[in-house]
Amino acid sequence: MTAELIDGKKAAERLRARVAELAALFAEDAGRKPGLAVVLVGEDAASSVYVRSKGKATVAAGMESFEHRLPADTAQADLIALVDRLNADPAVDGILVQLPLPGGLDAQAVLTRIDPDKDVDGFHPVNAGRLATGLNGFVPCTPYGCLMLLKAQLGELSGLNAVVIGRSNIVGKPMAALLTAADCTVTIAHSRTRNLPHHLAHADIVVAAVGRAGFVRGEWLKPGAVVIDVGINRTPAGLVGDVEFESAASVAGAITPVPGGVGPMTIACLLRNTLVAAHRREGIALDPQAI
Ligand SMILES: NC(=O)C1=CN([C@@H]2O[C@H](COP(=O)(O)OP(=O)(O)OC[C@H]3O[C@@H](n4cnc5c(N)ncnc54)[C@H](OP(=O)(O)O)[C@@H]3O)[C@@H](O)[C@H]2O)C=CC1
Ligand SMILES: Nc1nc(=O)c2c([nH]1)NC[C@@H]1CN(c3ccc(C(=O)N[C@@H](CCC(=O)O)C(=O)O)cc3)C=[N+]21
């Protein structure tokens, strides 16, 4: 292996520590802690684990965590009613509805019901539009975390070629928007892309968000490329990313591991977005450069 390992766990710990300091200052000024509400519908094992670790991280950062667990057979109207209550609750700065929702529930309708100014996931169309047009809003946590890792690794991104593999609303599309705003030349690849290796051969930055274990091979990469592996795939061999780590690490300049790469940054960015939401709601200034 020649690639440098990008330590997302350490970067996330640093970000969480900064958020915790600023959350303590906020609590002094506002007379209350920032609050994050997480809604989990159903009993999906992986989702339960995530929700528990989000709750722990929220409390550790000096924020209030409100967990709402609903049965898998919850009616759409009841879920919408809960979102309405959270929208109206002054103690709640951020709302996250854990995805995927059980079959029968309309995720898009639920996400669109969340007050855009409490939408710390950045999934509301208003926030997607703000990101696309360069306005201040909430940026989805996973791509935001990826951008932070890239900037820490490379410094200036201007003029670099980036290939984003995947075009989902929660990872690929906002990732491409962020890289475009950072003046990269961005290619978005997806399941209909012809000759992915051709595109990757020119990529200084590769972000893989495909959902297929070990999909990206080292021999497709440009030597020295910085590779961000978003994939979380549970295999009999354990948790693996979308990049074939061994072969990629012998060609790339730097690469994120799975676990310990993008995942921890996602949670840290969720806390960051909640802190920002709390400041905006209370009209308390927060220097964006401070975090
Ligand atoms: N670390 C973290 O914090 C997070 C990790 N994840 C993980 O990231 C991965 C992606 O998540 P998500 O974006 O939600 O997934 P989606 O399933 O929504 O999107 C996958 C994307 O990959 C594309 N794709 C599928 N097959 C190929 C192929 N053969 N070649 C090129 N592109 C392909 C799809 O293309 P098309 O659009 O044509 O179907 C689609 O755009 C998953 O492993 C998920 O678990 C997700 C969120 C957070
Ligand atoms: N509304 C919503 N917002 C999300 O942000 C959201 C979601 N729904 N649904 C599911 C995906 C996935 N996701 C992850 C978060 C943390 C890790 C994480 O911390 N991973 C650890 C490993 C955890 C483990 O061992 O399972 C790591 O990569 O090191 C992974 C994945 C957020 N998501």
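Diffusion coefficient (Stokes-Einstein, Kirkwood radius over C-alpha pairs, 10 °C, 1.306 mPa s) for the chain: 81 µm²/s, rounded to a whole number. Dividing the mean sequence gap of close Cα pairs (under 8 Å, 6+ apart) by how many residues the stretch 141-263 holds gives a relative contact order of 22 percent.
Note on the stretch 2-77: with charges restricted to the Cβ of Lys and Arg (+1) and Asp and Glu (-1), its dipole about the Cα centre is near 180 debye.
Placing R0 at 25 angstrom, the Cβ-Cβ distance between Ala27 and Leu154 gives a FRET efficiency of 0.10 after rounding to 0.05.
Comparing Val83, Val226, Leu150 along the charge dipole axis of the chain, the residue lying farthest to the positive side is Val226, per the Cβ-charge model. Mean separation of Cα pairs under 8 Å and 6 or more residues apart, divided by the residue count, gives the chain a relative contact order of 22 percent.
For the stretch 60-163, the Cβ-based charge dipole about the Cα centre amounts to some 320 debye (Lys, Arg positive; Asp, Glu negative; other atoms uncharged). When Glu28, Glu64 are compared by accessible area at a 1.4 angstrom probe, the order from most to least is Glu28, Glu64. Put a plus charge on the Cβ of each Lys and Arg, a minus charge on the Cβ of each Asp and Glu, and nothing anywhere else: the dipole of the stretch 141-263 about its Cα centre is then about 400 debye. Rolling a 1.4 Å probe over the protein chains gives Ser168 an accessible area of about 50 Å².
In this structure the stretch 138-291 gives 42 Å² per residue of accessible area when probed at 1.4 Å with all protein chains present.
Legend: calculated FRET efficiency, Leu135 to Ser250, from the Cβ-Cβ distance at R0 = 41 Å, rounded to 0.05, equals 0.45.
Can you compute the label reach from Ala109? Point 7 Å from Cα along the Cβ direction, backbone N cut-off under 17 Å, restricted to the stretch 30-44. Taking a point 7 Å out along Cα→Cβ of Ala109, the residues of the stretch 30-44 whose backbone N falls under 17 Å are 41. Length gained on full extension, Ala181 to Lys10: 59.0 nm, using 0.36 nm per residue less the C-alpha separation. Of the solvent-accessible surface of the chain, computed with a 1.4 Å probe over protein heavy atoms with every protein chain present, carbon and sulfur atoms account for 53 percent. Going by accessible surface with a 1.4 Å probe and the largest first, Thr193, Thr133 read Thr133, Thr193. Summing Lys and Arg as +1 and Asp and Glu as -1 over all other residues whose Cβ lies under 14 Å from the Cβ of Ala237 gives a net charge of -1.
When peptides 154-162, 136-144 are ranked by their average number of other Cβ atoms within 10 Å per residue, the highest-first order is 136-144, 154-162.
DSSP beta bridges confined to the chain are antiparallel in about 10 percent of cases. Note on surface exposure: Leu22, Leu149 rank Leu22, Leu149 by accessible area, highest first, 1.4 Å probe. Taking every alpha-carbon pair under 8 Å whose residues sit at least 6 apart, the stretch 1-83 reaches a relative contact order of 31 percent.
The values are calculated or read from the model by the stated rules, or taken from the named source; none is laboratory data. Model, not experiment: these values are computed from the prediction. In this analysis, Cβ positions are derived from the backbone assuming ideal geometry, glycine residues included, and neighbour counts consider all displayed protein chains. Areas reflect the complete protein model, heavy atoms only, side chains present, ligands, DNA and RNA absent. Shrake-Rupley method; radii C 1.70, N 1.55, O 1.52, S 1.80 Å.
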